[in-house]
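S.K.: Here it is: the structure, laid out below.
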Amino acid sequence: MVTSSPWIEASRPKTLSAAVAPVLVGTAAASAFSAWRFVGALVVALAVQIGVNYANDYFDGARGVDTEARVGPRRAVASGLVSPARMRSAMLLAFGVAALAGIALSAVAGWWLVVVGFACFLAALGYSGGSRPYASSGLGEAFVFVFFGLVATAGSAYVQDERFSWLAVVVAVPVGMLAVAILVANNLRDIETDASAGKRTLAVRLGDAGTRRFFVSLVLGPFVCVPVTAAVAGSLWPLIALLALVLAPAPARAAWSGVKGRALIPVLAGAARLQISFGLLLAAGLLLA
């Protein structure tokens, strides 16, 4: 069933776990807790994620990358549901919300965070915008790992403790890997249409078989990191994140099976469910530790 609101569709709800999981895990990795700082970090992460999704919809629609041959969920601009100007305004509004929440956090946790936030916005706009969008050059996965893995997770811990910790960096790695898995599932589905539109994503560069292997490694790799997390935390409680392993076979098997087109849509949903479940369990284990 198609969602009634094109704005909700364009925000791509299935991908928002990539914003929620790092904040949950990063906050749990901190030694202190402030409810309003947690909410502020969550607002920043969600607003940036939605802003990136709106930007992708806007820039790809304006460039003609999204066509009728696309097999994924419809795009608001390309389908004519939303004008480019309105989507651009919505993108800027989302980034504006993130900026306001980020400034509030910077005021108490350190003004240097404004620099980090500015870098996030530049990276978000460069993802699919500008004369040479790096998502079309095979660098989108690096952006997701750095900003929705390392920065979002370690940053969420920092705004609580106002200091860096090795534990926050260690837990950021599996969270980032699962965020990348969501993007890879999306790009695997769109290999043919992206290639025909001249969009050289990493999936296009790796090819169909290589991308499927990469996806499976991203789905299973985080579980290798769990014992390391337990060792750094000095507790066995983080090992409960291994329970999320029961959700890994379904998307991994579907991707490995060679299905194409719309049959790959559940793979993305499965990767998102895996990430949020892994994040919740790992956060619980860190709190118990």
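The values are calculated or read from the model by the stated rules, or taken from the named source; none is laboratory data. Note that the coordinates shown come from a computational prediction; the quantities given were computed from them, not determined experimentally. With ideal geometry, Cβ positions are generated from the backbone for all residues, glycine too; neighbour counts draw on all protein chains shown.
S.K.: Kindly indicate which of Ala32, Ala21 is part of a helix (DSSP H, G or I) and in contact (Cβ under 8 Å) with a residue 12 or more places away in the chain. It would help to see each step written out before you state the result.
M.R.: Working: Ala32 fails: part of a helix (DSSP H, G or I).
One residue alone meets the criteria, Ala21.
S.K.: Failed condition for Ser235, given (1) over 21 Å from Ser137 (Cα atoms); (2) polar (S, T, N, Q); (3) in a helix (DSSP H, G or I), with all others met?
M.R.: (3)
S.K.: Take Arg200 and decide whether it is outside any helix (DSSP H, G or I), within 30 Å of Ala32 (Cα to Cα) and of a type in the set (D, E, K, R).
M.R.: It is false that Arg200 is outside any helix (DSSP H, G or I), within 30 Å of Ala32 (Cα to Cα) and of a type in the set (D, E, K, R).
S.K.: Just give me the residues in the stretch 241-264 being part of a loop (DSSP other than H, G, I, E, B) and modelled with pLDDT under 95, in sequence order.
M.R.: Passing the criteria: Ser257, Gly258, Val259, Lys260.
S.K.: Residues Val267, Val216, Val224, Val204: which one is under 21 Å from the mean Cα position of the chain (by Cα), modelled with pLDDT of 95 or more and surrounded by 15 or more Cβ atoms within 10 Å (Cβ to Cβ)?
M.R.: Criteria check complete, one pass: Val216.
S.K.: Return only the number of the condition from (1) surrounded by fewer than 19 Cβ atoms within 10 Å (Cβ to Cβ); (2) under 25 Å from Ala269 (Cβ atoms) that Trp166 does not satisfy.
M.R.: Evaluating Trp166 over (1) surrounded by fewer than 19 Cβ atoms within 10 Å (Cβ to Cβ); (2) under 25 Å from Ala269 (Cβ atoms) leaves (2) as the failure.
S.K.: Also, I was wondering about something else. So which residues in the stretch 107-164 are over 20 Å from Ala28 (Cα atoms) and acidic (Asp, Glu), if there are any at all?
M.R.: Result: Glu141, single match.
S.K.: Restricting the first residue to the stretch 35-53 and requiring it to be in contact (Cβ under 8 Å) with a residue 24 or more places away in the chain, which pairs with a second residue that is hydrophobic (A, V, I, L, M, F, W, C) and outside any helix (DSSP H, G or I) meet a Cβ separation below 8 Å and a spacing of at least six or different chains?
M.R.: Listed by first residue and then by second, the contacts come to Leu46/Leu16; Gln49/Leu16; Ile50/Leu16.
S.K.: Which ones in the stretch 244-263 are over 23 Å from Asn187 (Cα atoms) and either loosely packed, with under 13 Cβ neighbours inside 10 Å or touching a strand residue (DSSP E or B) at 6+ places or on another chain (Cβ under 6 Å) (or both)?
M.R.: If the condition is that a residue be over 23 Å from Asn187 (Cα atoms) and either loosely packed, with under 13 Cβ neighbours inside 10 Å or touching a strand residue (DSSP E or B) at 6+ places or on another chain (Cβ under 6 Å) (or both), then Val246 is the only one that fits.
S.K.: Pick from Ala109, Ala94, Ala85, Ala101: which is loosely packed, with under 14 Cβ neighbours inside 10 Å and not acidic (Asp, Glu)? Please lay out each step first, then the result.
M.R.: Values: Ala109 fails: loosely packed, with under 14 Cβ neighbours inside 10 Å; Ala94 fails: loosely packed, with under 14 Cβ neighbours inside 10 Å; Ala101 fails: loosely packed, with under 14 Cβ neighbours inside 10 Å.
Being loosely packed, with under 14 Cβ neighbours inside 10 Å and not acidic (Asp, Glu) holds for just one of Ala109, Ala94, Ala85, Ala101, which is Ala85.
S.K.: Under 6 Å between Cβ atoms, at least 6 apart or on separate chains: pull out the pairs that start in the stretch 267-284 with a residue that is without any contact (Cβ under 8 Å) to a residue 24 or more places away in the chain and end on any residue that is outside any helix (DSSP H, G or I).
M.R.: Cβ pairs passing all conditions: none.
S.K.: Still on this structure: May I ask you to verify whether Ser5 is more than 20 Å from Ala283 (Cβ to Cβ), surrounded by fewer than 20 Cβ atoms within 10 Å (Cβ to Cβ) and at pLDDT 90 or above?
M.R.: no
S.K.: Within the stretch 178-190, is even one residue of a type in the set (D, E, K, R) and either surrounded by fewer than 22 Cβ atoms within 10 Å (Cβ to Cβ) or at positive phi (or both)?
M.R.: no
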